[in-house]
Amino acid sequence: MSYSTEYRAHLSSAYRGAPPAAATAPAAAPPRRHVVSPPDASEQWYLEPTPSNRMVLALRSGIDDEVSWALLRLANLSNEHGHRFNLAAIPGLTDALFLWPQEFIAAYREEQLRHALFAPTTSSASCQKHAVESLLVLRNASLLETNATHLFNHSRMIPTIADILSLPDIADAYPEFLYYALELLQSLAPNVVLPAPDSADTQPIPLSALYDIAKTTTDRTMLIAVFSALTLILSHPSNVSHTQISSISPAILVLPLSTDTPLLTAALDYIFTVLMHPPAAKAFLLRLEMPSTVKMLVALLKAEQPEEIKEIPIGPPIRTDQVEAKREDYVLTEEDKQRLIPMAEPERSFDWMGTVFEFSAGAEQTQVTFWTLYRDTFTPYADQQPLLPAAEIIKNVTIAFPQSQAMVLPGDTPRFIIQNIRRRARPSEADRTRFKCRWERETCQAGGTPFSSPDELYAHLLGHLDTAEPAACAWGTCAHPATSLANLRGHILTHLPPPVDPPKHPSQPSGITLSASQMTPEPLANPIAREPPPPPKTTLKYSVARAHAPSTTLTALLILRLVFHAAFPRYASADAPGEDDERFGFPEIPASAGNAAAGEQDGGADAAEDEGERRGQRAFESVRTLLTGVKLADDALMGWIAEMISAVGGIGGE
Ligand SMILES: [Zn+2]
Ligand SMILES: [Zn+2]
């Protein structure tokens with residue numbers, strides 16, 4: 001044996017955890033799952049370019065363990081060392097890799113006949129495993145261009161893929177097998193040239209089998225693989241005559257899945273490849289799904305654009321003045337003093353603190369100020385009640401205000417402060433006169449002191465209404481006409497101020513807007529002379545495309561343009577792309593292909609063509625509003641959109 005028993009054990013343990021058959025594994029299983037690092041970490045030894053290469057011999061041996069070992073090594077090599085894994089360099093290797101897939105295909109057909117598809121025998125299970133692994137090795141190798149060319153020219157390659165594609169129900173039975181075959185096909189597709197559809201030659205790749213897979217599969221990975229393979233094959237200039245318009249239906253069905261970028265990209269690329277063929281684009285106009293497809297593509301354009309709102313300030317320059325209510329410290333009223341002076345300490349200090357100070361998170365008060373205020377307030381009455389010492393007053397603060405804290409802030413000169421308290425504010429003029437009686441045109445004296453609540457004020461006002469009917473309202477400047485006392489009692493309720501000022505609306509700015517030219521300081525002596533202020537903020541808002549569009553947008557737009565040109569031929573002829581035109585990396589359509597197809601048309605086809613154009617034009621008319629909402633950063637692409645809008649605008653005007 002060429003390898004140690006230790007490595008054998010390693011191998012079998014690597015496989016013990018693997019699923020018994022790939023049929024139960026998801027089709028999207030990453031190809032790397034077979035990779036196991038060999039204990040010797042050296043792969044070079046297995047790449048000996050001789051006919052007696054150990055892996056080739058093992059593959060051909062037909063011994064299950066030998067084959068498993070060789071395929072594991074090859075999967076590892078082709079994946080990890082793909083850049084120097086040259087199939088052609090090892091004589092007989094490519095042939096050996098086709099052994100198991102072909103055996104599997106034969107066995108599958110036989111089982112199909114016996115209706116035993118989903119119950120493989122032990123021998124066919126290992127055959128299926130070897131076949132899938134062989135395909136995986138081929139698929140990995142095909143990613144290297146030299147290998148792809150070598151495989152394409154190998155007599156068994158294309159027939160094997162064609163056989164796999166034609167196996168009935170293979171997508172459900174062994175999705176992994178089909179998936180690797182499709183990926184192999186993608187690597188080879190750029191070389192595939194199909195004979196003309198009407199030629200007597202058999203088609204090497206049955207496109208109808210690919211169409212069937214696209215139509216029936218519910219496997220997203222499989223859909224991407226099929227669309228990609230079809231795109232690559234039909235992109236070849238010689239194969240355009242094979243395009244079938246009905247084959248894009250599965251791709252159109254996935255367009256709403258716009259968040260799945262890989263699937264969307266594959267579907268859009270395929271739709272574009274088909275519609276690039278002018279007869280296909282004409283035929284598409286007659287299909288029932290055309291209007292909804294156009295709408296979906298425009299919606300996609302709109303949905304994918306990252307937009308931002310731009311604001312341009314307009315209007316005259318302005319300045320703002322901050323409006324701040326002047327905060328005045330609370331001072332003891334006569335009433336307060338009469339209450340406080342006779343009190344005993346320490347109750348007096350607590351009452352005084354609560355009257356003059358309040359809790360305020362983050363505020364601070366120096367201990368000296370605090371003590372001085374206390375001392376100045378009560379020293380004149382020291383003969384009635386002795387003052388507390390400073391230390392005790394400071395200590396009492398933390399009792400009166402549990403959240404406050406007497407502390408020393410370190411620094412060059414340490415600061416002694418009390419945290420979290422501040423002086424109470426004196427009620428503002430507005431607060432003090434809030435419930436003032438303004439009867440008799442502001443001349444009512446009403447005891448000199450304002451009322452403290454709307455109820456008190458109303459009770460007082462009712463006293464004014466003790467008069468002859470009908471009476472007029474005498475509140476301030478009110479012009480309410482004379483009416484019955486009952487009505488007037490209702491009316492004066494409208495003059496009562498709310499118990500507290502309504503809170504400022506959050507959107508109300510804290511400043512007042514002034515014209516920048518008016519430089520006189522506020523408040524003005526004569527506010528009536530102030531020129532009307534400009535609006536606080538005048539801006540023009542509009543949305544623009546923020547960044548360049550993703551590639552799916554470009555493909556969607558290219559598809560729309562193809563459909564547009566089919567529906568509006570005069571726009572297509574006006575600026576038909578020339579030889580040097582930017583083709584966004586897509587291959588040129590040979591002029592002969594389009595002309596040949598066009599030549600086949602007879603009179604009946606002309607009528608159908610006219611009908612198609614009418615339907616296409618209607619489809620674009622119906623998305624006109626949607627189109628006007630599309631914004632792209634690229635000016636040339638925006639020009640295409642503008643052209644579509646103007647085209648349907650022109651029809652609407654006729
Ligand atoms: Zn009054
Ligand atoms: Zn009134």
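Report the full-extension gain for the segment A125 to R570: residue separation times 0.36 nm, less the Cα-Cα distance, to one decimal in nm.
Separation in residues times 0.36 nm, less the Cα-Cα distance, equals 154.1 nm.
Can you list the equivalent-ellipsoid semi-axes of the stretch 368-489, largest first and in whole Å, using the square root of 5 times each Cα gyration tensor eigenvalue?
Semi-axes, largest first: 53, 17, 12 Å.
Using a 1.4 Å probe on the protein heavy atoms only, what accessible surface does K302 show? Give it in Å² to the nearest 10.
80 Å²
Rule-of-thumb check for the stretch 118-265: C-alpha Rg over 2.2 N^0.38 Å?
This ratio for the stretch 118-265 stands at 1.06.
Heavy-atom accessible area of H480 with all protein chains present, probe 1.4 Å, nearest 10 Å²?
60 Å²
Straight-line reach from K302: which lysines have Cα under 16 Å away, leaving out those fewer than 8 places along the same chain?
Of all the lysines, those that pass the test against K302 - Cα under 16 Å, at least 8 places apart if same chain - are K631.
Could you state the principal axis extents of the C-alpha atoms in the stretch 196-275, from the largest down, to the nearest angstrom?
43, 22, 17
Could you check the spin-label model distance between D336 and S166? Points 7 Å from the Cα along Cα→Cβ, value in nm.
Roughly 10.5 nm, to one decimal.
Restricting things to Cα coordinates, could you compute the convex hull volume per residue of the stretch 334-423 in Å³?
Residue-normalised Cα hull volume stands at 91 Å³.
State, to one decimal in nm², a quarter of the convex hull surface area for the C-alpha atoms of the stretch 274-392, i.e. the direction-averaged projected area.
20.4 nm²
Between the stretch 179-227 and the stretch 238-300, what is the separation of their alpha carbon centroids in Å?
17 Å
Which order do the peptides 282-293, 408-419 take when ranked by the mean count of other beta-carbon atoms within 10 Å per residue, highest first?
282-293, 408-419
Give me Rg over Rh for the stretch 334-378, both radii from the alpha carbons and Rh done the Kirkwood way, two decimal places.
My calculation of the ratio gives 0.99.
Which order do the peptides 399-407, 433-441 come out in when sorted by mean C-beta neighbours inside 10 angstrom, highest first?
Result, highest mean first: 433-441, 399-407.
What is the gain in length, in nm to one decimal, between R60 and S484 on full extension, counting 0.36 nm per residue of separation less the C-alpha to C-alpha distance?
140.9 nm
Using a simple spin-label model with points 7 Å from Cα along the Cα→Cβ vector, what separation in nm is obtained for E328 and M343?
Modelled inter-label distance: 2.4 nm.
Cα convex hull of the stretch 435-495: mean projected area in nm², to one decimal?
Reported value for the Cα convex hull: 3.7 nm².
Once label points are set 7 Å from the Cα along Cα→Cβ at both T366 and T50, what is their separation, rounded to one decimal in nm?
That separation, rounded to one decimal, is 9.9 nm.
The values are calculated or read from the model by the stated rules, or taken from the named source; none is laboratory data. Since the structure is predicted, the reported quantities are computational estimates derived from the model, not experimental observations. Using ideal geometry, Cβ is built from the backbone for each residue, glycine included, and neighbour counts are taken over all protein chains shown. Areas reflect the complete protein model, heavy atoms only, side chains present, ligands, DNA and RNA absent. Shrake-Rupley method; radii C 1.70, N 1.55, O 1.52, S 1.80 Å.
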